[in-house]
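Input: a single structure, listed below in structure tokens.
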Amino acid sequence: MDNSDLFTCIDHVAYACPDADEAVAYYQETFGWHELHRESNDEQGVLEVMVAPAGELTEHMTQIQILAPLRPDSTVGKWLENNRPGLHHMAWRTDDIDTVSATLRSRGVRLLYDEPKHGTHNSRINFIHPKSGKGVLIEIVEPAKH
Ligand SMILES: C[C@@H](C(=O)O)C(=O)SCCNC(=O)CCNC(=O)[C@H](O)C(C)(C)COP(=O)(O)OP(=O)(O)OC[C@H]1O[C@@H](n2cnc3c(N)ncnc32)[C@H](O)[C@@H]1OP(=O)(O)O
């Protein structure tokens, strides 16, 4: 078993909270981190803000994704009803989400979606269910090829 055809790095770690602006200001003012990107993803029901320790990304730099729910019945909204603000998921980067999905399914891993959905910055995303991820929600992300 090896990883050479699967994941290249930890793309981001997601922090879920009710107020993204307050959390971003904390990262900026306390740690000097930089906001690199923000967008609302209506399908996922989240506002997401990507912050990083540098103003420009290097190839394998891991970002923090600050997530706030756009509506109470979104996955993050429901999660915040049962949990304090905190770590929500981590995301592993791949160059080819279709191949990775097929490989993981063949190994018995439960993915949430039949086909990848739209993620941050036009990426393609899927998730490993926490029951299949040792209690951790794991996102699989294929960044857009610019
Ligand atoms: C924009 C995009 C991007 O990066 O580009 C994003 O990140 S969007 C980020 C927001 N979107 C998502 O998270 C989409 C994927 N997530 C989901 O669809 C959902 O959160 C599920 C993972 C299916 C869980 O939903 P729900 O709690 O309704 O399902 P469920 O009742 O079946 O719960 C199943 C079990 O999973 C646990 N569980 C729920 N959320 C969890 C989490 N974040 N981390 C770890 N465990 C978690 C519950 O406690 C429960 O455990 P017990 O049974 O032991 O009590």
Test: residue in region 109-120 that is within 21 Å of residue 5 (Cα to Cα), surrounded by 11 or more Cβ atoms within 10 Å (Cβ to Cβ), away from the ligand (no atom under 11 Å from the Cβ) and not aromatic (Phe, Trp, Tyr): yes
If you go through region 70-98 one residue at a time, how many are open to solvent by less than 60 Å² (accessible area, probe 1.4 Å), within 13 Å of residue 23 (Cβ to Cβ) and part of a strand (DSSP E or B)? 2
Within region 2-9, is there a residue that is within 18 Å of residue 128 (Cα to Cα), in contact (Cβ under 8 Å) with a residue 40 or more places away in the chain and either open to solvent by less than 30 Å² (accessible area, probe 1.4 Å) or assigned to a strand (DSSP E or B) (or both)? yes
Region 5-26: number of residues that are within 9 Å of the ligand (Cβ to nearest atom) and either over 24 Å from residue 142 (Cα atoms) or of a type in the set (D, E, K, R) (or both): 1
Of the numbered conditions (1) open to solvent by less than 30 Å² (accessible area, probe 1.4 Å); (2) under 14 Å from residue 12 (Cβ atoms), residue 37 fails exactly one; give the number of that condition. (1)
So if I check each of 44, 28, which one is more than 17 Å from the chain's Cα centre (by Cα) and not in a strand (DSSP E or B)? 28
So if I check each of 29, 43, 59, 48, which one is open to solvent by less than 10 Å² (accessible area, probe 1.4 Å) and either more than 10 Å from the ligand (Cβ to nearest atom) or of a type outside the set (Lys, Arg) (or both)? 48
Residues within region 121-135 that are over 19 Å from residue 3 (Cα atoms) and open to solvent by 50 Å² or more (accessible area, probe 1.4 Å), tallied: 5
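The values are calculated or read from the model by the stated rules, or taken from the named source; none is laboratory data. Quick caveat: nothing in here was measured; it's all calculated off a predicted structure. Cβ atoms come from the backbone with ideal geometry, glycine included; neighbour counts cover every protein chain shown. Calculation scope for accessible area: heavy atoms of the full protein, side chains included, ligands and nucleic acids excluded. Shrake-Rupley method; radii C 1.70, N 1.55, O 1.52, S 1.80 Å.
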